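Heads up: the structure comes next, in structure tokens.
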Amino acid sequence: MRRGTMIAVAVIALGVSGVWAYQRVPSPVEEVVHWREIAWPFPRDGWPAGRAFRCDGTCAGAELYVRAKRGFCNCDSGVADDDEVDRVADIDLISPRFAAVAPGEEVSFNELRGRARRYDLDMSDGVGHAAIGVAVSRRCDLFVAAAQGRGEASGMQRAMLAFLETQEMRGWVLATLDGQ
Amino acid sequence: MFRCVLTAAGLVLFASSTFVHAQKQTIGAPPEASNMKLVGTNDLQARSAYQPTIHHQGDRWIAYIGHHGGTDDVPVPVNPMTGKEEPNGTSIVDVTDPAHPKYLRHLPGQEGKYESGGAQMVRVCDGKSLPKGDPNAVYMLRTFGSEAHEIWNVADPANPVLITRIAGLKDTHKSWWECDTGIAFLVSGAPDWRTRRMTQIYDFSDPAHPQKIRDFGLPGQEPGATGAVPTELHGPISTGPNGNRVFFGYGTNKGGILQIVDRDKLLNGPKEPTPDNLRYPEISRMPMSAFNGAHTTFPMLDMPVAEFAEDKDGKTRDIVMIVDEAILNECGEARQMVWFADVTTETRPMMISSYTVPEASGQFCQRGGRFGSHSSNESMAPVYYKKMAFIAFFNAGVRALDIRDPYHPREVGYFIPSITSATDKRCIPIEGGARCKVAIQTNNVETDDRGYIYIVDRANTGLHILELTGPARAAAGLPRN
């Protein structure tokens with residue numbers, strides 16, 4: 001009986017520690033990515049400025065720009081197609097010369113739905129960059145995110161979406177869509 | 001002493017009640033007006049309204065009024081004339097006696113809510129004025145939600161007959177139709193273009209047999225383009241073959257552009273939508289502030305300006321009135337207003353003046369709904385053309401401007417209708433929910449050749465027919481009423 005109890009305790013302890021250890025192991029993205037806030041780098045345009053971040057870690061040098069665009073007209077259909085992403089996702093702020101590399105895909109975060117699309121950017125310094133544009137909507141309002149860097153696009157997209165899902169960003173996204 | 005206290009308390013009470021009154025409209029309160037008077041009303045079956053077009057056919061005056069889609073609360077309103085639910089479409093109202101408008105027919109539109117349904121836009125031409133039209137017909141061009149343009153014969157306005165349908169679009173909006181040539185500038189979303197709204201030009205001189213002329217837009221919007229996509233079209237206005245200009249307004253409340261286009265080159269130039277071909281008919285383009293869009297670009301060419309009468313040159317000016325559209329409720333954006341551009345030197349257009357309703361004159365940012373401009377009358381009938389302009393200003397009602405000196409436009413009258421039980425609420429998001437208010441949302445305005453002014457409400461309050469009074473009437477050169 002005592003031996004059985006000890007085995008059971010050992011099994012439970014191992015299990016608990018295993019779960020703890022599993023939870024402590026960061027996902028590949030979290031392990032090496034940190035987005036550090038920087039100043040909004042673009043001149044004033046029709047929409048209020050948003051927030052900008054630079055990546056430290058495996059996507060070092062990549063930058064992310066996010067902001068709300070309140071008063072989007074397609075209140076019911078939302079972000080309906082890839083052309084909409086081309087128009088609204090702020091990729092043109094980074095460079096007016098961009099080309100989509102593939103059809104976009106549906107994305108959702110923070111209960112917002114829309115589309116993401118990858119682009120090649122023709123930068124003024126002649127160095128090619130990859131970019132991801134994301135546009136999601138809530139009723140008549142848009143939230144857009146654009147990331148760009150020299151790294152690989154799919155990793156950058158995972159990192160930006162993971163960042164937008166963090167508690168801090170979730171709260172800010174909803175507040176900015178409320179006009180706060 | 002006690003009397004002084006009572007007087008002070010009374011003053012405070014009066015001031016606060018006035019303030020509250022100015023902030024909030026209440027059912028049963030009278031309209032707010034200056035130099036404009038209500039003649040008649042119709043509730044338009046409590047449908048959200050966009051473009052009114054008033055047409056003189058035979059000995060009758062008929063108002064054709066486009067509607068947005070339904071609302072969250074009432075997606076498909078009941079037509080009391082049929083007892084059936086009908087998606088918002090086109091209201092047809094006999095306004096021959098403006099004091100007693102008679103609702104003739106509701107023509108259903110596309111099912112859908114707000115801008116995703118309805119039949120917002122409407123223009124009307126007589127068959128006898130079109131080069132190859134049926135002289136006995138009266139043709140109504142309307143949008144059908146976001147998917148089609150339609151032409152109906154409304155010679156019997158109570159019993160319209162469908163003639164033509166151009167479908168397969170991803171959006172539609174504020175079109176223009178030349179009644180003397182039949183050329184129509186349709187605002188569409190052609191499926192392969194990169195923008196929601198661009199121009200599809202058709203020859204509707206024979207409405208039963210429409211001929212496509214070309215697609216048009218700003219370079220970068222065409223199929224296959226890459227890079228930044230220019231601001232989408234809102235609406236064009238053509239001066240016809242004699243004026244040979246089309247004035248395109250791009251944008252709603254942001255990144256507006258006035259584009260001046262040579263009509264002949266547009267219609268007869270190379271039509272393949274390449275960047276060079278799209279640039280070919282353009283005379284000039286005036287970008288506006290990123291804060292403002294161009295909903296309406298209303299040309300008033302060859303205007304005599306009294307101040308310049310003694311000048312050796314430039315006595316008359318070509319003016320375009322540009323009206324932005326406010327989108328967000330309770331002043332959640334930069335002010336959308338009215339601008340006047342001098343385009344006399346066409347390649348160097350210049351903004352010369354502006355107009356807005358003073359916010360403090362009615363605490364309009366606190367009243368609820370949108371505050372700012374939306375659209376102007378577009379009739380070029382002599383009764384008001386180049387003299388008086390009427391601006392729909394959402395919760396500030398309609399504003400009458402004396403524009404005889406476009407360098408110094410001056411408000412001479414206004415009318416803010418009373419709300420009714422049909423007036424829909426307007427909400428803004430607040431933490432964890434929404435806060436709603438009810439206010440007039442005067443969306444569009446048009447005039448007829450008799451001088452009546454027709455305003456319609458986006459928040460379902462219906463149609464109000466107005467006339468000028470007092471100094472505003474004198475400024476327009478109308479006889480005293």
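Evaluate E = 1/(1 + (r/R0)^6) for A:Asp122 and B:Glu346, where r is the Cβ-Cβ distance and R0 equals 25 Å; express this FRET efficiency to the nearest 0.05.
Result of the calculation: an efficiency of 0.15.
Pairs B:Lys24/B:Lys170; B:Lys170/B:Lys271; B:Lys174/B:Lys425; A:Lys69/B:Lys170; B:Lys170/B:Lys265: which exceed 29 Å Cα-Cα? All intermediate terms of the calculation are to be shown ahead of the outcome.
On the way: B:Lys24/B:Lys170 38 Å; B:Lys170/B:Lys271 21 Å; B:Lys174/B:Lys425 25 Å; A:Lys69/B:Lys170 22 Å; B:Lys170/B:Lys265 27 Å.
The pairs that break the limit, which is 29 Å between Cα atoms, are B:Lys24/B:Lys170.
Considering only the other residues whose Cβ falls under 14 Å of the Cβ of B:Phe308, what net charge follows from Lys and Arg at +1 and Asp and Glu at -1?
Details: positive: B:Lys312, B:Lys315, B:Arg317, B:Arg404; negative: B:Asp302, B:Glu307, B:Glu310, B:Asp311, B:Asp313, B:Asp318, B:Asp342, B:Asp405.
Net charge in that neighbourhood comes out at -4.
Can you tell me how much longer the chain between B:Lys315 and B:Thr226 gets when fully stretched, taken as 0.36 nm per residue apart minus their C-alpha distance, in nm with one decimal?
Values: separation 89, 0.36 × 89 = 32.04 nm, distance 4.50 nm.
The span from B:Lys315 to B:Thr226 would gain 27.5 nm if fully extended.
Which aspartates and glutamates have a Cα lying under 18 Å from the Cα of B:Lys84, excluding residues fewer than 8 positions away in the same chain?
Answer for B:Lys84, where 18 Å is the Cα cut-off: B:Asp43, B:Asp73, B:Glu111, listed by chain and number.
All other residues with a Cβ under 11 Å from the Cβ of B:Gln25 taken together, and with Lys, Arg as +1 and Asp, Glu as -1, what is their net charge?
Details: positive: B:Lys24, B:Arg367, B:Lys437; negative: B:Glu32.
Charge balance near B:Gln25 sits at +2.
Given labels modelled 7 Å from the Cα in the Cβ direction, how far is it in nm from A:Asp81 to B:Tyr280?
Taking the simple label geometry, A:Asp81 and B:Tyr280 are separated by 2.5 nm.
Please work out the Cα center distance from segment B:50-101 to segment A:44-62, rounded to the nearest Å.
Result: 49 Å between the Cα centres.
On a 0 to 90° scale, report how tilted helix B:2-23 is relative to the longest principal axis of chain B, with both axes built from alpha carbons and the result rounded to the nearest 10.
With both axes taken from Cα atoms, the answer is about 20 degrees.
Determine, from the Cβ-Cβ distance of B:Val78 and A:Ala99 and an R0 of 51 Å, the FRET efficiency 1/(1 + (r/R0)^6), rounded to the nearest 0.05. Present the calculation step by step, with values, prior to reporting the outcome.
Details: r = 50 Å, r/R0 = 0.99.
Taking R0 as 51 Å, the efficiency between B:Val78 and A:Ala99 is 0.50.
List the lysines whose Cα sits under 21 Å from the Cα of B:Lys37, skipping any in the same chain fewer than 8 residues away.
B:Lys102, B:Lys387
Let me check I've understood the local charge: for B:Val229, count other residues with C-beta under 11 angstrom from its C-beta, Lys and Arg +1, Asp and Glu -1. What total comes out? Walk me through the intermediate numbers first.
Details: positive: A:Arg87, B:Arg194, B:Arg196; negative: A:Asp83, A:Glu84, A:Asp86, A:Asp92, B:Glu222, B:Glu232.
Charge balance near B:Val229 sits at -3.
Using +1 on the beta carbon of Lys and Arg, -1 on that of Asp and Glu, and nothing else charged, what's the dipole of chain B about the Cα centre, debye to 20?
On the way: 48 positive and 54 negative charges, 171 e Å.
Roughly 820 debye, rounded to the nearest 20.
What is segment B:271-387 by shape, rounded, prolate or oblate, if you read a ≥ b ≥ c off the alpha carbon gyration tensor as root eigenvalues and call it rounded for a/c under 1.5, prolate for a/b larger than b/c, and oblate otherwise?
Oblate shape, in that a/c is at least 1.5 and b/c is the bigger or equal ratio.
Residue by residue through segment B:111-126, which ³J(HN,Hα) values in whole Hz follow from phi under the Karplus form 6.51 cos²θ - 1.76 cosθ + 1.60 (θ = phi - 60°), with glycine and proline marked x?
Result, ordered by residue: 5, x, 9, 6, 7, 8, x, x, 7, 5, 9, 8, 9, 9, 10, 6 Hz.
May I ask for the longest run of chain B untouched by chymotrypsin sites (Phe, Trp or Tyr not before Pro) that are loop-located per DSSP and have at most 16 neighbouring C-beta atoms (other than their own) within 10 Å?
Values: sites that count: B:Tyr385, B:Tyr407.
Longest site-free region, per DSSP loop and neighbour criteria: B:1-384.
Values quoted throughout were computed directly from the atomic coordinates according to the rules given, and no laboratory measurement underlies them. On a predicted model such as this, the values are computed, not experimentally measured, just so you know. FYI the Cβ positions are ideal-geometry reconstructions off the backbone, even for glycines, and counts take in every protein chain you see.
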